[in-house]
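Some notes on the structure that comes next.
The values are calculated or read from the model by the stated rules, or taken from the named source; none is laboratory data. Predicted, not measured: the structure shown is a model, and the values here were computed from it. Quick reminder, even Gly has a Cβ in these numbers, built from the backbone with ideal geometry, and neighbours come from all protein chains shown. The area values use the complete protein model at the heavy-atom level, side chains included, leaving out ligands, DNA and RNA. Shrake-Rupley method; radii C 1.70, N 1.55, O 1.52, S 1.80 Å.
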Amino acid sequence: MTAISDDITIYRGDWVLPVSAPVLADGGLAVSGERIVGVGTAPALLSAHPEAVVVDLGRSIIMPGFVNCHSHVEYTSFRGILDDSEFGDWIISLVDVKASLTPEEYLVSAKLGAIEAISSGITTLADTSYSGVTLEAAAEAGLRGRLYLEVFGVDDTHLDETMADVERRLAEAQAAAPSSFDVGLAPHAPYTVSSRLYQAVSALARSRGLKVMSHVAESKEEITYVRSGSGKFAHDFREKMGWERMLVQPFGVSPIKYLQQWDVFDEDFLAVHCVQVSLDDIRILKAKKVAVAHCPKSNAKLGCGVAPLADLLHEGVRVGLGTDSPASSNIMDMFGEMRTMLFLHRAVERDVTVLDAQKCVRIATLGGAEALGMQDDIGSLEPGKFADFIAVDVSKSHFAPIDDPHSALVYGANQGDVLLTVVGGRPLFRDHVYTDLDAEAIRGAAFGVRKKLRDRVRAGSVQVGAAESGWWQTSTGDAGEETP
Ligand SMILES: [Zn+2]
């Protein structure tokens, strides 16, 4: 690993966006060890620290690293499969695809996600995983974040076994977690977790001070399932999971009201998606201090809809931005996610005042940190916080001229414009090169995983369900190669 210096290093850029303070032209960030020790104009910092090492990043924007509030890096190898499936078919198909990967293959997949995160300027991941391979991938990559350990179970006759398994996996994950990662729990969703299991997970989390996330109110299928006990999740999905013999109870309410009545909501709860929520639901989220992870691209691509972000923000709910997994949104590009968020909500609301570029940057950084309860350590450039920051190269013609760097970032930038990614004072990616990782080897291994998956589908050992995109039928492209 690249060493962290306790000497002061000043990173200079044409703009510095602290997020919690106004933009600085000809700005600088002073870093010592893993923390920020100064933010100001470059001349002021240079005169305050004349001995400092100076890294001049030229025509760039220095900003906090992105906080990706919802990802599944272990699914990165599924990128581009099932591109045209609607949500219900997509998740049913994914059951078999997920079951076909070995633990080693999941680790390769997670490592591919981790290198993408680094090169696209994500410094903190709130990652949901059943296997927990995120921890090894993130530790190797040097990323910060939280693993939400996934929990499934609708059969309450197995509740004690399920919770014993959760406790065992939790202890393993906590032992394996690098110092930059904590571990929370992720009861998957109202259609895969019984109310009693939600309550048991919540009780365990509260007794241990752990954070909780759950996929909530994502699709119309989920609404139908919770409200009426019917639809694709009550039939096709439960059959696929082997749960068809268990009675599905209609609860007659929205997923938010359903979870509220089991008392699982609190300020440590992150509700991911919240596409299908009413104003009543949003007021419950606000009253219970629940945070929301907004995943606009994933929700749009799977045909789920557009979350009512304007209402969430208006009611004062904490909202962060998430890319979701490459199985649904293909790339973990927070610039594209910000841009999609702004365009979707302006289009849906027919109102340009609903979001602007500055608000998007805040949601993607400090907003995410607040949603995860990490705002004291990350999310903005302030002395005392971790030196988790990125530099975006804005020297190319599509950025010229720049008056407002927020505008350049949201309307113009893409993940390929990231020049530098630093986590805890340690540069992980510099001048488009990984400082410690063999990205070619990781990509090559991931191509191998995809090839094996393709072979298993062709051989008939993996069913891909009703939604046939046909991705495994082609033989061209990287998936056929062991090496890039
Ligand atoms: Zn998810």
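Measuring with a 1.4 Å probe in the full set of protein chains, what accessible area per residue, in whole Å², belongs to region 1-119?
Per residue, region 1-119 has 34 Å² of solvent-accessible surface.
Between Ser461 and Ala99, what is the spin-label point distance in nm, taking each point 7 Å from the Cα along the Cα→C-beta axis?
1.4
Order these peptides, 456-463, 223-230, 254-261, by their mean beta-carbon neighbour count within 10 angstrom, highest first.
Packing proxy ranking, top to bottom: 254-261, 223-230, 456-463.
Work out, step by step, the length gained on full extension between Val253 and Arg168: first 0.36 nm times the residue separation, then minus their alpha carbon distance; give nm to one decimal.
27.2 nm
Please state, rounded to one decimal and in Å, the Kirkwood hydrodynamic radius that region 114-242 gives when every pair of distinct Cα atoms enters the mean of 1/r.
15.7
How large is the accessible surface of Trp262 in square angstrom, using a 1.4 angstrom probe and rounding to the nearest 10?
60
Measure up Lys111/Lys451; Lys220/Lys301; Lys220/Lys297; Lys220/Lys288; Lys98/Lys451; Lys257/Lys286 against 20 Å on the Cα-Cα distance and list the ones that go over.
Violating the 20 Å limit, Cα to Cα: Lys220/Lys288.
Can you give the Rg and Dmax of region 181-257 based on its C-alpha atoms, in angstrom?
Using the Cα atoms of region 181-257, the pair Rg, Dmax is 13.5, 39 Å.
Over the chain, what is the mean sequence separation of C-alpha contacts under 8 Å (at least six apart), divided by residue count, expressed as relative contact order in percent?
It rounds to 21 percent for the chain.
So what is the relative contact order for region 259-304, in percent, with contacts set as C-alpha pairs under 8 Å and at least six apart?
This gives 46 percent for region 259-304.
Given the convex hull over the Cα atoms of region 94-154, what projected area results after averaging over all orientations, in nm²?
Averaged projected hull area, Cα only: 4.5 nm².
Multiply the residue gap between Asp83 and His314 by 0.36 nm, knock off their C-alpha separation, and tell me the result in nm, one decimal place.
79.8 nm
Given a Förster distance of 60 angstrom, what is the FRET efficiency for Asn414 paired with Glu161, based on the Cβ-Cβ distance and rounded to 0.05?
0.80
Calculate, in nm to one decimal, what Asp403 and Asp7 gain on full extension: separation in residues at 0.36 nm each, minus their alpha carbon distance.
So the chain would gain 139.2 nm between Asp403 and Asp7.
Give the calculated FRET efficiency between Val348 and His432 to the nearest 0.05, with a Förster radius of 35 Å applied to their Cβ-Cβ distance.
0.45
Run through the DSSP bridge list for the chain and note the antiparallel percent, rounded to the nearest 5.
Of all bridge pairs located within the chain, approximately 45 percent are antiparallel.
Go ahead and run the numbers for FRET between Glu267 and Ala44, Cβ-Cβ distance against an R0 of 60 Å, rounding to 0.05.
0.95
Which Rg and Dmax, in Å, describe the Cα atoms of region 4-69?
11.4, 38
Which helices pass in the chain if a helix is a full DSSP H run, must span at least 15 angstrom along its long axis by Cα, and must have mean Kyte-Doolittle hydropathy not below 0.0?
The qualifying helices are 87-99, 103-119, 334-349.
Can you quote the Å³ per residue value for the convex hull of the Cα atoms in region 73-127, rounded to an integer?
Cα-based convex hull of region 73-127, divided per residue, equals 92 Å³.
Given +1 on the Cβ of Lys and Arg, -1 on the Cβ of Asp and Glu, and no further charges, what dipole in debye does the chain carry about its Cα centre, rounded to the nearest 20?
680
For region 27-185, what's the radius of gyration and Dmax over Cα atoms, in angstrom?
20.3, 68
Go from 0 up to the bin containing the longest alpha carbon distance in region 324-363, width 5 Å each, and give me the % of pairs per bin.
Reading upward from the zero bin: 6, 24, 27, 20, 15, 8, 1.
Of the heavy-atom accessible surface of region 168-264 (probe 1.4 angstrom), what whole percent is carbon and sulfur?
Within region 168-264, the accessible surface is 48 percent carbon and sulfur.
Ignoring ligands, DNA and RNA, what percent of the 1.4 Å accessible area of region 9-159 is carbon and sulfur?
56
Rounded to a whole number, what is D in µm²/s for region 280-352 from Stokes-Einstein with the Kirkwood radius over alpha-carbon pairs (4 °C, 1.567 mPa s)?
102
Hey, any idea what Rg/Rh is for the chain, computing Rh the Kirkwood way over Cα pairs?
0.97
Over the alpha-carbon set of region 276-399, divide Rg by the Kirkwood Rh and report the Rg/Rh ratio to two decimals.
Result: Rg/Rh = 0.98.
Take the alpha carbon atoms of region 230-259, find their center, do the same for region 98-146, and report the distance between the two centers in whole angstrom.
Their Cα centres are 30 Å away from one another.
Cβ neighbours within 10 Å, averaged per peptide: list 149-156, 190-197 in order, most packed at the top.
190-197, 149-156
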